[in-house]
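Note sheet for the following structure.
The values are calculated or read from the model by the stated rules, or taken from the named source; none is laboratory data. Note that the coordinates shown come from a computational prediction; the quantities given were computed from them, not determined experimentally. Positions of Cβ are backbone-derived with ideal geometry, glycine not excepted, and every protein chain shown enters the neighbour counts. Each accessible area value is taken on the protein alone, full model and side chains, heavy atoms only, with ligands, DNA and RNA left out. Shrake-Rupley method; radii C 1.70, N 1.55, O 1.52, S 1.80 Å.
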Amino acid sequence: MILHFTFNDIEPIWIPGKFPLAKTESRKVKVQLAGESSSHFPPILEVGDLLCGARPSPPEYFITLLLTYPHGTVPLNAPPPKEGIWSDVPGSTIYGQIRIPLPAEAIPLIRETGGGGKYSYELTLEDVELKNKTKPRKA
């Protein structure tokens, strides 16, 4: 399975049919990805989010996987803010986000966990090819 990803924004993949996930308060998902990428794909945190949308007529939906990864660390010699409170505490972790629009063949692999924990769904994707579709940001 080929999955396209970006480090900023990406168009969703609209899939015909009714939205397949239950209505829950949380769309947290425990993710396991295994495969290869032709570009850098950082180690991700275990729990991500499912970004979802639906259209009623004709019925279509999309599910985009939003993953977080440690991007770096705030320098220890960062100057204090001129006003207000610290937004980035020196030595704290900086996080980035990856967006992966899920194709139709990935949707049946999303499983409900039965609720109650840190996440409501689980998704294991093996033997995937991850392709970076990040567009350079305009200066």
Could you work out the relative contact order of the chain, using alpha carbon pairs under 8 angstrom and six or more residues apart, expressed as a whole percent? 41 percent
Cα Rg, Dmax, the chain, angstrom units: 17.5, 55
Excluding residues on the same chain fewer than 8 positions from residue 131, give the lysines whose Cα lies under 23 Å from its Cα. 30
Of 66, 21, 76, the one that fluctuates the most in a GNM where the chain has Cα springs shorter than 10 Å: 76
Ignoring ligands, DNA and RNA, what percent of the accessible area of the chain is carbon or sulfur (1.4 Å)? 52 percent
15 Å beta-carbon shell around residue 27, net charge (K/R +1, D/E -1): +2
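Counting only heavy atoms of the protein chains, get the accessible area per residue of the chain (1.4 Å probe) and round it to a whole Å² value.
On the way: 9180 Å² over 139 residues.
For the chain, the per-residue accessible area is 66 Å².
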Whole Å is fine, so just give me how far the alpha carbon centre of the stretch 57-78 lies from that of the stretch 89-112. 6 Å
Cβ under 13 Å from residue 49's Cβ, residue 49 left aside: what net charge do those residues give with Lys, Arg +1 and Asp, Glu -1? +3
Please report the accessible area of residue 49 (heavy atoms, 1.4 Å probe, ligands and nucleic acids excluded) in Å², nearest 10. 50 Å²
Positive minus negative residues near residue 38 (Lys, Arg vs Asp, Glu; Cβ under 13 Å): 0
Work out which chymotrypsin sites (Phe, Trp or Tyr not before Pro) in the chain are exposed loop sites (DSSP not H, G, I, E or B, at most 15 other Cβ within 10 Å) and give the longest gap free of them. 15-85
